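Enquirer: Mind having a look at this structure? Questions to follow.
The values are calculated or read from the model by the stated rules, or taken from the named source; none is laboratory data. Source: prediction; values computed, not measured. Glycine also receives a Cβ, built like all others from the backbone with ideal geometry; neighbour counts cover every protein chain displayed.
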Amino acid sequence: MLTVHHLNNSRSLRIVWLCEELGLDYKLVRHQRNPETQRSPDSLNKIHPLGKAPTIEHGGQVIVETDAIIEYICHKLAAGRLSHGPNSPEYGEYLQWLAFSEGTLMPGLVFDLIYAWTGDGNATLKGFYDVEIVKNHQYLEDTLTNREYILKSGFSAADVNLGWTLEMSECRGRLKPHPRLQAYLARLRARPGYKRAIERGGSQDLSVFSAGAA
């Protein structure tokens, strides 16, 4: 049995969503952030030394890192559904977009949030990340010019990975200039699998990450 450890108001919603899209049988363990620090609770530290979500348990393994968990679930438990393997003509593009969310889009958003939370910081570094945030979102906006999902072939696990990060972008005020990204996020939220994930994993309140939003 797959066990998914889910932290409220966090990227681990992606894994709940993925499991619902794939129609998997899984055990969901919900954890609550410390409302003052927004840190993970001790219950997650007992599962893995990093105390992060998402974390999954399966076959005697405890696995962290969203991208790795997505690929593990798709290939180990779902016969490759919603993923693209080496024989797919979109394999490279799929891997790019799967990694883009955490590797490119999220770091700037996190820096932007921490800068707002601390009330001060390195203005030069802030300026650097502001440029990167704009460029990253425009790249996505342009990519979605003639497609409904991030790959031409349709919905995939890469969309699941991007969806939550764009929700973070939204709460940071970074989707306002991008109508295609707004429409894309609305399509993702309209999916039955996403709605089931919210029902099972709990509603989100990402306003806790909106300090200093653009």
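Enquirer: From the list A197, A190, which residue is surrounded by fewer than 15 Cβ atoms within 10 Å (Cβ to Cβ), of a type in the set (G, A, S) and more than 19 Å from L105 (Cα to Cα)?
Expert: On the way: A197 fails: surrounded by fewer than 15 Cβ atoms within 10 Å (Cβ to Cβ).
Being surrounded by fewer than 15 Cβ atoms within 10 Å (Cβ to Cβ), of a type in the set (G, A, S) and more than 19 Å from L105 (Cα to Cα) holds for just one of A197, A190, which is A190.
Enquirer: Against the conditions (1) within 30 Å of M1 (Cβ to Cβ); (2) at pLDDT below 95, where does K126 fall short? Just the number, please.
Expert: Condition (1) is where K126 drops out.
Enquirer: Mind checking which residues of the stretch 115-134 are within 18 Å of S101 (Cα to Cα) and not charged (D, E, K, R)? Please lay out each step first, then the result.
Expert: Filtering the stretch 115-134 for residues within 18 Å of S101 (Cα to Cα) gives 129-134.
Hits for the stretch 115-134 are Y129, V131, I133, V134.
Per-residue answers, yes or no, for (1) surrounded by 22 or more Cβ atoms within 10 Å (Cβ to Cβ); (2) within 22 Å of Q204 (Cβ to Cβ); (3) among the aromatic types (F, W, Y):
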site	(1), (2), (3)
Y26	no, yes, yes
H31	no, yes, no
E36	no, yes, no
G51	no, yes, no
P54	yes, yes, no
I73	yes, yes, no
R81	no, no, no
G85	no, no, no
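Enquirer: So, of the residues in the stretch 132-176 that are among the polar types (S, T, N, Q) and over 14 Å from L82 (Cα atoms), which turns out to be surrounded by the most Cβ atoms within 10 Å (Cβ to Cβ)? Spell out how you get there, then give the answer.
Expert: If we filter the stretch 132-176 for residues that are among the polar types (S, T, N, Q), which is where we start, we get 136, 138, 143, 145-146, 153, 156, 161, 165, 169.
From what is left, the residues that are over 14 Å from L82 (Cα atoms) are 136, 138, 143, 145-146, 165, 169.
Values: N136: 20, Q138: 13, T143: 17, T145: 7, N146: 7, T165: 21, S169: 27.
Looking at the filtered set, the residue picked out is S169.
Enquirer: Take the residues in the stretch 37-48 that are assigned to a loop (DSSP other than H, G, I, E, B) and modelled with pLDDT of 95 or more, then tell me which one is farthest from the chain's Cα centre (by Cα). Please lay out each step first, then the result.
Expert: Narrowing the stretch 37-48 to residues assigned to a loop (DSSP other than H, G, I, E, B): 37-41, 46-48.
Next cut, modelled with pLDDT of 95 or more only: 46-48.
Numbers: K46: 23, I47: 21, H48: 20 Å.
Among them, the one singled out is K46.
Enquirer: Moving to a separate point now. Being exposed (fewer than 14 other Cβ atoms within 10 Å of the Cβ) and either modelled with pLDDT under 95 or within 17 Å of I15 (Cα to Cα) (or both) is the filter here, so list the residues in the stretch 60-71 that pass it.
Expert: Pass one, the stretch 60-71, residues exposed (fewer than 14 other Cβ atoms within 10 Å of the Cβ): 60-62, 68.
Correct list: Q61, V62, A68.
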